[in-house]
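Heads up: the structure comes next, in structure tokens.
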Amino acid sequence: MAVHLFTKLVDIMKLVFSFSLFLLILADSFSQSTNDILNLLISNKTISQSQADSIRAEAALSQQQADASRKSFFITAARQMQLTGYSQVRYQTFQESGKHNGFDIRRARVDLKGSVTPYFSYRLQADLANVPKLIDAYGEIKLANFFSITAGQFKIPFSMENLTSSNKLEMIDRSQVVEALVARSKDVIGNQNGRDIGIQIGGSLLKIKDIPLVEYRFGVFNGSGINVADTANSSKDIVGRLIFTPLKGLTFGGGFYKGWDKAIKPDVPGKSQTRNRTGFELGYVLSRFSLRGEYITGKDGKTNRAGWYIQAGYFVIPQKLQVLGKYDVYDPNTSTPNNISTNYVFGANYNFNNWSRLQAFYTIRQEEGPAVKNDFFSIQYQIGF
């Protein structure tokens with residue numbers, strides 16, 4: 001019995017020694033691969049095949065756990081940079097005749113961020129889906145919490161939903177009024193992903209228990225959209241946003257946009273066509289419940305437009321399963337009767353982890369005037385890194 005116990009003890013000591021040697025070899029960056037090292041130890045009869053398999057399994061599990069706990073991964077460069085990205089794969093079914101059900105790659109973003117000094121940071125983001133394009137390209141100088149300067153191409157500081165990153169949206173699609181009046185798919189200047197080229201100042205004021213009571217942004221932009229120089233005229237667009245947070249989770253405020261649509265025949269000599277916006281927003285977020293809403297009006301030339309939405313969500317399973325509903329109204333011309341469109345959207349999100357989730361929503365569409373069958377269902381899978 002004593003001999004048997006001694007033999008077992010020797011085997012255990014061999015395993016501990018071998019595993020320690022294995023870790024030391026890795027730490028000293030030997031050129032041999034993990035499998036080569038284990039195979040060498042097996043051939044020398046230092047460890048058995050089963051012990052080697054156990055070491056491999058333990059190492060793989062430890063690496064998976066370490067990767068899962070990390071929120072970001074840094075790449076090697078002269079200065080530390082953070083490379084992230086995500087892709088969204090969508091499947092849609094339509095009631096509307098002439099539209100075909102199918103898959104598409106909604107977005108495929110690569111996002112590079114970094115800091116040159118504690119005061120200066122930068123960002124480059126590109127979308128590789130459909131036609132590849134540069135989305136963000138800007139630098140920021142942050143002198144203090146209450147004052148920073150951003151210059152380049154980035155989101156215009158207008159509309160809560162516009163400023164929410166596409167991979168953080170609670171619903172698959174943005175609201176009708178945001179798509180129509182905030183430099184997105186149905187705006188008169190075309191789809192600019194809610195962005196423009198310009199400069200802005202901003203910051204937060206009057207912090208109470210790490211919650212800023214006031215946040216402000218003010219910017220001057222070309223008004224011509226992304227990835228193009230402003231060649232239409234010398235007039236620039238101005239944008240402002242002011243948000244209050246009197247209580248944790250409760251925000252409200254508004255913004256304005258005063259500019260010119262340079263893609264349409266001028267109605268003001270030398271300044272193209274008027275393109276103005278005014279918006280108001282409200283948000284209330286608790287640990288499991290959220291409520292958001294916006295009202296936005298716009299004027300393009302002589303056409304007045306308006307829309308609003310209210311959206312509520314609740315986590316049935318905290319941080320995992322969220323159910324949502326939205327009431328979404330848009331009037332493309334307030335002077336024309338019977339042209340308001342209303343969307344009723346409801347569905348759910350399931351978050352597998354911090355970088356992977358599944359979204360499914362059904363949209364009931366109603367337009368004033370003749371009835372049209374154009375409801376649709378969307379399911380979207382998002383994976384990030």
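Points to keep in mind about this one:
- Amide proton proximity set for residue 372, modelled H, under 5 Å, gap of 5+: 367
- Structure note, pairs 99/373; 236/262; 168/248: Cα-Cα distances above 18 angstrom occur for 168/248.
- Using θ = phi - 60° in the Karplus curve 6.51 cos²θ - 1.76 cosθ + 1.60, the 3J(HN,Hα) couplings for region 245-251 round to 10, x, 9, 4, x, 9, 10 Hz; x is entered for Gly and Pro.
- Neighbour counts of C-beta atoms inside 10 Å place 327, 309 in the sequence 327, 309, starting with the fewest.
- Summed residue charge, Cβ within 12 Å of residue 111's Cβ, Lys/Arg positive, Asp/Glu negative: +2
- Take each peptide in 144-150, 343-349, 209-215, count the other Cβ atoms within 10 Å of every residue, and average; sorted highest first, the result is 343-349, 144-150, 209-215.
- In order along region 290-306, the Karplus-derived 3J(HN,Hα) couplings, from 6.51 cos²θ - 1.76 cosθ + 1.60 at θ = phi - 60°, round to 9, 9, 9, x, 8, 10, 10, 10, x, 9, 10, x, 9, 9, 9, 10, 7 Hz, and Gly and Pro are given as x.
- Region 85-384: equivalent-ellipsoid semi-axes (sqrt of 5 x gyration tensor eigenvalues, Cα, Å): 29, 26, 20
- Mean Cβ count within 10 Å, highest first, over the residues of peptides 101-109, 169-177, 366-374: 169-177, 101-109, 366-374
- With θ taken as phi - 60° and the Karplus curve 6.51 cos²θ - 1.76 cosθ + 1.60 applied, the whole-hertz 3J(HN,Hα) list for region 362-373 is 10, 10, 9, 10, 10, 10, 5, x, x, 5, 10, 7 Hz, x standing for glycine and proline.
- For region 344-385, the residues whose amide N sits under 18 Å from a probe point set 7 Å from the Cα of residue 126 along the beta carbon direction are 385.
- Anchor residue 302: aspartates and glutamates whose Cα lies under 16 Å away (excluding residues fewer than 8 positions away in-chain): 187, 261, 267, 331
Every read-out reported here was derived from the displayed coordinates using simple, explicitly stated rules and does not represent laboratory data. Just so we're clear, the structure is a prediction, and the values are computed from it rather than from any experiment. Note: ideal-geometry Cβ built from the backbone for every residue, glycine included; neighbour counts use all protein chains shown.
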